[in-house]
C-alpha cells in the first residue's frame, strides 16, 4: 500500500512539474501561469484613452488565452479632429495582434509572409475576426489620425521606460525588434513604418471573446502589477492555429499612439505531454516490479 501511495504521489508531482515547465515563459513576467508584458503608464500620446497598460498571454492545454488592458474600449473611440484631415472626426481603436515565431525582425518576417495575426476588433476593415497565418503587415495609422512612423512618435517625447512593455524597455530595443539592423541603428522618419494591421494572410480559425469573469477564472490578474486599465479585453483560440517555440507578440493602437509587445514560448503539444505519460507509466511498471521482487525475497526467506 505504501508503494502504491508513493507511486501515485510521484506521478502527480511529475505531471505538475512538467505542466509548469510547459508554461515557463521565454521572457516577460510570469505570474499564475500568465506571461505579462507591462507597458509604461505614461506613453499614450493623446491622453489616457490611448494608453495601453499591459498585455498577457497564456497557453493552457490546446488553447491560447490573450488579454489586453488600457484606456481603449473594444469598440474604439472617436477623435473629433483628424490630424491628417483637420475639422473631420476619425475613428481610432485597436489594431491587430501579431505573433512572430521566425526569429527575424518584424519587418523582415512581414516581408516574407511569416507572421501570424489575430483580428479581434471588427471595425469594418473587410477582414473578419479570427486567426490568420502567412501574414504580411501594413500601416493604417495615417487613416486614423496617427503617426506615420515610429521615429516620429519617439521624437515627440514618448520614449518612456518600458516603452513597449518590460521586454522592450527602451526605444532602441523597439527599433531592434521591428526593423532590420541598418534601419534600427539609424532610424529616420523614412525607414521606421508603423506596421500595425494585417495586410494579407489566410484565415485559419476563429476566436472566442472572453468576459471579465472568464478571464478572472482563468487566473488573469493585471492588478498584481497595478496595471489594470479602464478596459480589459480578452479572447481565446486553438493553439493548433499558430506556431510553436519562441515568439514575440505585439500590438499597436490604430493611430500608433501606443503599443505593447511580449516575448514568450508556446509548447507544441498540450500538457501533460505524451512523454510525461510514458514516463509515469514506466515509473509505475518499475514500482510494481520492485514490489513483486520484494515479495519474492520475503517468501524465500
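The values are calculated or read from the model by the stated rules, or taken from the named source; none is laboratory data. If you're wondering where the values come from, they're calculated on a predicted model, not measured in any experiment. Methodologically, a virtual Cβ is constructed for each residue, glycine included, from the backbone with ideal geometry; neighbour enumeration extends over all protein chains shown.
The table for this structure:
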read-out	value
Boolean, residue 124 is under 26 Å from residue 233 (Cα atoms), in the same structural domain as residue 46 (by TED's automatic domain parsing), touching a helix residue (DSSP H, G or I) at 6+ places or on another chain (Cβ under 6 Å) and part of a loop (DSSP other than H, G, I, E, B)	no
Flag if residue 116 is buried (at least 20 other Cβ atoms within 10 Å of the Cβ), part of a strand (DSSP E or B) and at negative phi	yes
Listing of strands (runs of 3 or more DSSP E) fully contained in the range 177-271 that carry 2 or more residues being more than 17 Å from the chain's Cα centre (by Cα)	197-205
Residue list for the range 100-113, filter: without any contact (Cβ under 8 Å) to a residue 24 or more places away in the chain and in a helix (DSSP H, G or I)	109
Looking only at the range 139-174, and only at residues there that are part of a strand (DSSP E or B) and under 20 Å from the mean Cα position of the chain (by Cα), the one that is surrounded by the most Cβ atoms within 10 Å (Cβ to Cβ)	165
Qualifying residue in the range 9-29 (condition: assigned to a strand (DSSP E or B) and either surrounded by 18 or more Cβ atoms within 10 Å (Cβ to Cβ) or at pLDDT 95 or above (or both))	yes
Filtered residue count, the range 243-259, keeping only those that are in contact with a strand residue (DSSP E or B) (Cβ under 7 Å, 6 or more places away or on another chain) and buried (at least 21 other Cβ atoms within 10 Å of the Cβ)	11
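For (1) in the same structural domain as residue 228 (by TED's automatic domain parsing); (2) more than 13 Å from residue 196 (Cα to Cα); (3) in contact (Cβ under 8 Å) with a residue 24 or more places away in the chain, each residue gets a yes or a no:
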position: 53; (1), (2), (3): yes, yes, yes
position: 69; (1), (2), (3): yes, yes, yes
position: 96; (1), (2), (3): yes, no, yes
position: 157; (1), (2), (3): yes, yes, no
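Residues checked against (1) in contact with a helix residue (DSSP H, G or I) (Cβ under 8 Å, 6 or more places away or on another chain); (2) under 23 Å from residue 48 (Cα atoms):
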residue: 180; (1), (2): yes, no
residue: 193; (1), (2): yes, no
residue: 196; (1), (2): yes, yes
residue: 201; (1), (2): no, no
residue: 214; (1), (2): no, no
residue: 222; (1), (2): no, yes
residue: 226; (1), (2): no, yes
residue: 237; (1), (2): no, no
